[in-house]
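**Student:** Got a structure for you, written out below as structure tokens; questions coming shortly.
The values are calculated or read from the model by the stated rules, or taken from the named source; none is laboratory data. Fair warning: this is a prediction, and the values are worked out from it, not measured in the lab. Reconstructed Cβ throughout: ideal geometry from the backbone, glycine too, with neighbour counts over all protein chains shown.
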Amino acid sequence: MMVEKFEYLSKILMETFEEVGQKNPLGEVADYIPELSKADPECFGVSLVDLSGKSVGYGDFEKKFSIQSITKVFSLSLCLGHFGEKIFKRVNREPSGNPFNSLVQLEKENGIPRNPFINAGALVISDMLLDIFDDPKQGYLDFLQDISNNDNLSYNPKIFTSEKENKERNAALAYFMKSYGNINNDVDRLLDFYFFQCAIEMNTMELALAFRFLANHGLVPHSKNRVLTASQAKRINALMLTCGFYDEAGDFSYRVGLPGKSGVGGGVVAILPQNFSICSYSPVLNKQGNSTKSIQLLEMFTSNSGESIF
């Protein structure tokens with residue numbers, strides 16, 4: 001991206017951030033995982049990174065938070081890069097239209113999750129990842145550290161413990177799918193690995209850097225390592241556009257016009273292919289579990305800059 005264009009986008013982002021920052025978002029900080037409820041509702045930050053490495057951040061852009069369901073994009077990328085299209089024999093590719101932890105839809109569809117970005121789908125993907133690594137947690141961290149060029153990434157043990165102590169819904173999903181033969185590994189081991197992924201802490205700059213390979217046809221810009229083929233990167237971007245925001249995916253696409261993924265920790269990441277990645281953080285969530293301010297920010301940014309896939 002030319003310097004002049006990046007400076008133009010940075011200016012629009014700063015103005016948008018300041019305007020949205022003055023608003024009081026409707027919603028609540030997530031509390032179904034007790035440790036998440038301790039997040040400061042006043043925190044608000046954003047980072048923008050282009051493929052050449054130019055970056056800018058505003059507000060609390062260096063504040064770390066648990067990435068929660070954003071991790072599902074990394075898991076899917078790692079799994080698709082290893083197994084290829086055969087993963088879609090165990091998880092579908094359609095929007096769910098239901099809450100991210102719904103059991104009802106899973107029962108109707110015989111233990112096959114609707115997509116990899118709802119909890120059931122992410123559990124199936126994690127089950128596959130357990131078969132790749134001797135030490136899955138370290139293997140997963142190594143992958144994140146490579147794509148983000150950051151050897152200091154880790155997880156929050158308090159968030160991890162809080163998730164394990166409130167595991168009933170995810171355990172129900174996993175055992176239900178195991179009854180259909182769609183989970184191969186021990187459920188407790190699977191949940192331990194899944195909660196570890198969700199408890200990984202990053203800030204908006206780190207997440208924006210980590211997502212750049214999806215804006216670059218599957219190639220990590222700083223290392224030139226290929227994580228995915230161009231076709232695979234296209235498919236993950238398509239899934240983010242259609243399924244990345246639970247039962248609000250259609251509205252996010254309508255309002256923002258970028259592929260992206262949210263997490264109940266308050267983060268939202270989006271990419272514009274061949275251009276940039278952007279990440280915003282605000283822990284106040286709407287009823288669908290998505291960050292209210294972050295979505296407002298991204299909608300205004302794409303509208304004011306004219307930068308979207310449409």
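**Student:** So Lys293 passes all but one of these: (1) basic (Lys, Arg); (2) crowded, with 24+ Cβ neighbours inside 10 Å; (3) within 18 Å of Ala122 (Cβ to Cβ). Which condition number does it fail?
**Tutor:** Only one criterion is unmet by Lys293, namely (3).
**Student:** Test Lys108 against the stated conditions and say whether it is among the charged types (D, E, K, R) and either closer than 23 Å to Leu228 by Cα or buried (at least 19 other Cβ atoms within 10 Å of the Cβ) (or both).
**Tutor:** Criteria not met by Lys108.
**Student:** Something else about it: Quickly run through the stretch 21-41 and pick out the residues that are free of Cβ contacts under 8 Å to residues at least 12 places away in the same chain and either outside any loop (DSSP other than H, G, I, E, B) or among the hydrophobic types (A, V, I, L, M, F, W, C) (or both).
**Tutor:** Ser37, Lys38
**Student:** Let me ask you something else. For the stretch 234-253, check the following and say yes or no: at least one residue is at pLDDT 95 or above, closer than 13 Å to Phe117 by Cα and hydroxyl-bearing (Ser, Thr, Tyr).
**Tutor:** yes
**Student:** A further question follows. Report whether or not Phe17 is aromatic (Phe, Trp, Tyr), assigned to a loop (DSSP other than H, G, I, E, B) and in contact with a strand residue (DSSP E or B) (Cβ under 6 Å, 6 or more places away or on another chain).
**Tutor:** No; evaluated as a whole, the condition is false for this residue.
**Student:** Can you go through Tyr281, Tyr194 and tell me which one is touching a strand residue (DSSP E or B) at 6+ places or on another chain (Cβ under 6 Å), aromatic (Phe, Trp, Tyr) and buried (at least 22 other Cβ atoms within 10 Å of the Cβ)?
**Tutor:** After applying the criteria, what remains is Tyr281.
**Student:** Still on this structure, I have one more. Which one is nearest to Pro157 (Cα to Cα), of the residues in the stretch 51-67 that are surrounded by 24 or more Cβ atoms within 10 Å (Cβ to Cβ) and in contact with a helix residue (DSSP H, G or I) (Cβ under 8 Å, 6 or more places away or on another chain)?
**Tutor:** Our first condition is that a residue be surrounded by 24 or more Cβ atoms within 10 Å (Cβ to Cβ); within the stretch 51-67, this holds for 65-67.
Narrowing further to those that are in contact with a helix residue (DSSP H, G or I) (Cβ under 8 Å, 6 or more places away or on another chain): 66-67.
Numbers: Ser66: 10, Ile67: 13 Å.
Result: Ser66.
**Student:** Any residue in the stretch 80-91 that is in contact with a Phe, Trp or Tyr (Cβ under 7 Å, 6 or more places away or on another chain), modelled with pLDDT of 95 or more and of a type in the set (D, E, K, R)?
**Tutor:** No - not one qualifying residue is present in the stretch 80-91.
**Student:** Let me ask something else about it. Please state which of the following conditions Ala230 fails to meet, knowing it meets all the rest: (1) buried (at least 17 other Cβ atoms within 10 Å of the Cβ); (2) of a type in the set (A, V, I, L, M, F, W, C); (3) farther than 22 Å from Leu36 by Cβ.
**Tutor:** It is condition (1) that Ala230 fails.
**Student:** Moving on. With the condition being under 15 Å from the mean Cα position of the chain (by Cα), I'd like the helices (runs of 4 or more DSSP H) fully within the stretch 64-155 carrying at least 3 qualifying residues. Outline the logic, then answer.
**Tutor:** Details: elements: 71-83, 104-108, 119-130, 136-148.
So the answer is 71-83, 119-130, 136-148.
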